[in-house]
Amino acid sequence: MAVVTIIGAGMMGSALAFPARENGHEVRLVGTPLDREIIDACRASGRHPKFTRRFPDGIRYVQIEGVDEAIRGADLVIGGVSSFGVDWFGEEILPRIPEATPVLTVTKGLLDTPDGRLMTYPAVWAERLAARGLTRSLNAVGGPCTSYELVAHDQTEVAFCGADPAVLERLRAIMQTDYYHVGVTTDVTGIESAVALKNGYALAVALTIGVNQKQFGEDSPLHYNSQAAVFGQSVREMTRLLALQGAPSPENLAVGLGDLYVTVYGGRTRQIGILLGRGMDVDAAKETLAGVTLESLVVAERVARAVRLRAARGEISEEDFPLLLHVDDVLTRHAPVAIPWEKMKG
C-alpha cells in the first residue's frame with residue numbers, strides 16, 4: 001500500500017482520489033486556502049460538492065493547515081490545482097515536499113516568456129526551484145479524461161510524463177486501474193504542450209456551435225461540418241506549435257487530440273465558446289459564467305502572444321496560425337466571431 005497525498009480539492013485532483021483509493025492506497029485529500037468549504041462538505045457527506053458519486057470510504061480530508069502532516073510519509077504527491085494556482089503551488093507547496101517524493105501534476109497550461117518561448121508548468125517549477133537550490137521529481141498527467149467521467153469510471157487512457165522512466169512506472173503501478181489506463185513517456189514538452197494547446201483550440205471548435213445556433217436557433221440540431229473543419233485546422237496548427245517547441249515525439253500529439261475531442265464535447269470551454277459564437281462579447285460571456293474557471297482563455301492568449309512576438313521577429317509566419325490568432329482577436333480585441341475559412345486552406 002502506498003500513501004497518496006492530493007493537494008487541491010478541485011474536480012480533477014479530487015477525481016484521482018477514486019483510482020488511488022480503489023487500489024487500496026491511503027489517500028489524503030488536502031484543500032487549498034480556497035477549498036475550505038469543499039473539504040468541509042467532503043467531511044460531512046463523503047462526496048465532493050460537484051460529484052454525484054460518493055468517494056470511496058477511508059479517504060482523509062485535510063484543511064490547508066494540515067498540509068505538512070499530510071505530505072509526511074507520502075509515496076506520491078498529486079498537485080490538483082488549476083492553472084491559476086501555479087504560483088501558489090510552486091512557492092508554498094513544492095519546497096515542502098521531500099526531494100525523494102515524486103510529484104504528479106494535473107495542472108494544464110503554458111507560460112509565455114518575454115522572448116516568445118512557451119514553457120510547460122513542470123519546466124517553470126523546475127527553473128524556480130533551481131533558483132532556490134532545490135530539485136524535485138516533477139511529473140505530469142495528460143490525456144482525454146474529464147473529472148466527472150473519471151468519477152463515473154468511464155474507460156480512459158492517459159499519459160504520465162517525466163524525466164525518469166523508473167519513477168513513471170512506479171506512479172503507473174500506484175494509479176492504474178481497470179478503467180484508468182496509463183501510458184508513460186519522457187516527452188514532457190510534447191504531452192504538456194499538446195494538452196494545454198487543446199484548450200484554446202477546443203474553444204475555437206465550440207465557436208462554430210454557437211455560430212450555428214445564432215443562425216439556425218439555439219435548439220437546432222448540431223451541425224458537424226464546420227466543427228470538423230475547425231478541428232482539422234486545429235490539428236494542423238497544434239502540429240506546427242509542437243514542432244516550434246521542439247517536442248521530441250510527434251506521436252504524442254495524439255494525446256492532445258484526444259483531449260481536444262473530449263473538451264469540445266463537455267465542460268467549461270464548450271460553454272464559453274458557444275456563448276461567443278452566438279455573438280456575446282467576451283466580457284459578457286465571462287460574467288454569464290461567473291465562478292467558472294476558464295483556463296482556455298489564458299492558454300489561448302499566452303500562445304497567441306508568443307506567436308505574434310516570434311512572427312514579428314521573422315522566425316515564423318502568422319499565416320500558419322489563422323485560427324489561433326482569430327481566437328485571440330475575439331478574446332483580447334473584442335473582435336466579432338468570423339471563422340477565417342479562406343485562411344485555413346491547408
Restricting attention to the stretch 145-178, which residues are over 14 Å from Leu104 (Cβ atoms), surrounded by 16 or more Cβ atoms within 10 Å (Cβ to Cβ) and in contact with an Asp or Glu (Cβ under 8 Å, 6 or more places away or on another chain)? Thr156
Go through the stretch 1-42 and count every residue that is closer than 17 Å to Asp68 by Cα and either over 21 Å from the mean Cα position of the chain (by Cα) or buried (at least 23 other Cβ atoms within 10 Å of the Cβ) (or both). 17
Within the stretch 216-223, can one find any residue that is buried (at least 19 other Cβ atoms within 10 Å of the Cβ), more than 20 Å from the chain's Cα centre (by Cα) and in a helix (DSSP H, G or I)? no
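Determine whether the stretch 146-157 contains at least one residue that is assigned by TED's automatic domain parsing to the domain that holds Gly24, assigned to a loop (DSSP other than H, G, I, E, B) and at pLDDT below 95.
Yes; the residues of the stretch 146-157 include at least one that is assigned by TED's automatic domain parsing to the domain that holds Gly24, assigned to a loop (DSSP other than H, G, I, E, B) and at pLDDT below 95.
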Wholly within the stretch 263-340, which helices (runs of 4 or more DSSP H) include no fewer than the required count, namely at least 2 residues that are within 19 Å of the chain's Cα centre (by Cα)? 268-277, 295-312, 322-332
Exactly one of (1) closer than 17 Å to Thr105 by Cα; (2) within 20 Å of the chain's Cα centre (by Cα) is unmet by Phe51. Its number? (1)
Give me a count of the residues in the stretch 1-20 that are modelled with pLDDT of 95 or more, in a loop (DSSP other than H, G, I, E, B) and over 14 Å from Gly85 (Cα atoms). 2
Looking only at the stretch 92-118, filter to residues that are part of a loop (DSSP other than H, G, I, E, B) and polar (S, T, N, Q); which one of those is farthest from Gly314 (Cα to Cα)? Thr101
Scan the stretch 69-125 for residues that are basic (Lys, Arg) and without any contact (Cβ under 8 Å) to a residue 24 or more places away in the chain and jot them down. Arg72
Conditions (1) touching a helix residue (DSSP H, G or I) at 6+ places or on another chain (Cβ under 6 Å); (2) at negative phi: number failed by Thr113: (1)
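Each row is one residue, and each column tells you yes or no for (1) free of Cβ contacts under 8 Å to residues at least 60 places away in the same chain; (2) in a helix (DSSP H, G or I); (3) closer than 19 Å to Asp259 by Cβ.
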site	(1), (2), (3)
Val167	no, yes, no
Ile174	no, yes, no
Asp178	yes, no, no
Gly190	no, yes, yes
May I ask you to list the residues in the stretch 255-298 that are under 16 Å from Ser147 (Cβ atoms), in contact with a Leu (Cβ under 7 Å, 6 or more places away or on another chain), surrounded by fewer than 22 Cβ atoms within 10 Å (Cβ to Cβ) and not charged (D, E, K, R)? Gln271
Within the stretch 244-251, identify whether any single residue is without any contact (Cβ under 8 Å) to a residue 12 or more places away in the chain and over 14 Å from the mean Cα position of the chain (by Cα), and answer yes or no. yes
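The values are calculated or read from the model by the stated rules, or taken from the named source; none is laboratory data. Note that the structure is a prediction, hence the values are computed from the model and not measured. Ideal geometry is used to build each Cβ from the backbone, glycine not excepted, and the neighbour counts take in all protein chains shown.
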